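Asks: Sharing a structure here in structure tokens format.
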Amino acid sequence: MKSKVNEIKISYKENIALSKSPAIKSSADAGKLLFQTWDKNTIALQESFKVLLLNNSNKIKGIYQLSTGGITGTLVDIRILFAVILKSLSVGVILSHCHPSGKLMPSEADKQLTEKIKKAAAFFDVKVLDHIIVVPNGDYYSFSDNGLL
């Protein structure tokens, strides 16, 4: 009797339009772009977590929504995060999540998660350039601008 083994396939297809996108040069660029990608009908209802994937020139390879949670939090599985980062051959990332409450300040859990991801990224030579908190009115908080990265 032959046993069957699952085949694992890894793929990433680059979107031509994204490859012609401008480079992210500041937290303001990233904050504006990320806010535009949020569903305005749910940003004030529940937290979600996204990662902005970048190439070596800080050009956008893509944006991946990793999780959607509840009113006060969302689960971030670091293994899935790095599967996406490595599959897309990204060398830089900008982490992002929303605060439905409109509160811009990061929680202690936000700071700890960022540090954990930053340490893991170092093993793969991936740079965590920022972690941006987006709120329903379009404002943002940058970990990098505020000396937390």
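The values are calculated or read from the model by the stated rules, or taken from the named source; none is laboratory data. Just so it is clear, the structure is predicted and the values come from calculations on it, not from any experiment. As a convention, Cβ positions derive from the backbone with ideal geometry for all residues, glycine included, and neighbour counts pool all protein chains shown.
Asks: Which residues, taken from region 55-75, are in contact with a Leu (Cβ under 7 Å, 6 or more places away or on another chain) and under 20 Å from A30 (Cα atoms)? So that I can check it myself, show each step before the final result.
Replies: Restricting attention to region 55-75, the residues satisfying the condition of being in contact with a Leu (Cβ under 7 Å, 6 or more places away or on another chain) are 60-64, 66-67, 69.
Hits for region 55-75 are I60, K61, G62, I63, Y64, L66, S67.
Asks: Of the residues that make up region 66-73, is at least one among the polar types (S, T, N, Q), loosely packed, with under 15 Cβ neighbours inside 10 Å and under 19 Å from K32 (Cα atoms)?
Replies: No, because not a single residue in region 66-73 is among the polar types (S, T, N, Q), loosely packed, with under 15 Cβ neighbours inside 10 Å and under 19 Å from K32 (Cα atoms).
Asks: Filter region 103-138 down to the residues that are surrounded by fewer than 17 Cβ atoms within 10 Å (Cβ to Cβ), closer than 25 Å to A44 by Cβ and touching a residue at least 40 places away in the same chain (Cβ under 8 Å) and list them by number.
Replies: G138
Asks: Quick check: is even one residue across region 30-48 within 24 Å of D125 (Cβ to Cβ), at pLDDT below 95, exposed (fewer than 12 other Cβ atoms within 10 Å of the Cβ) and not polar (S, T, N, Q)?
Replies: no
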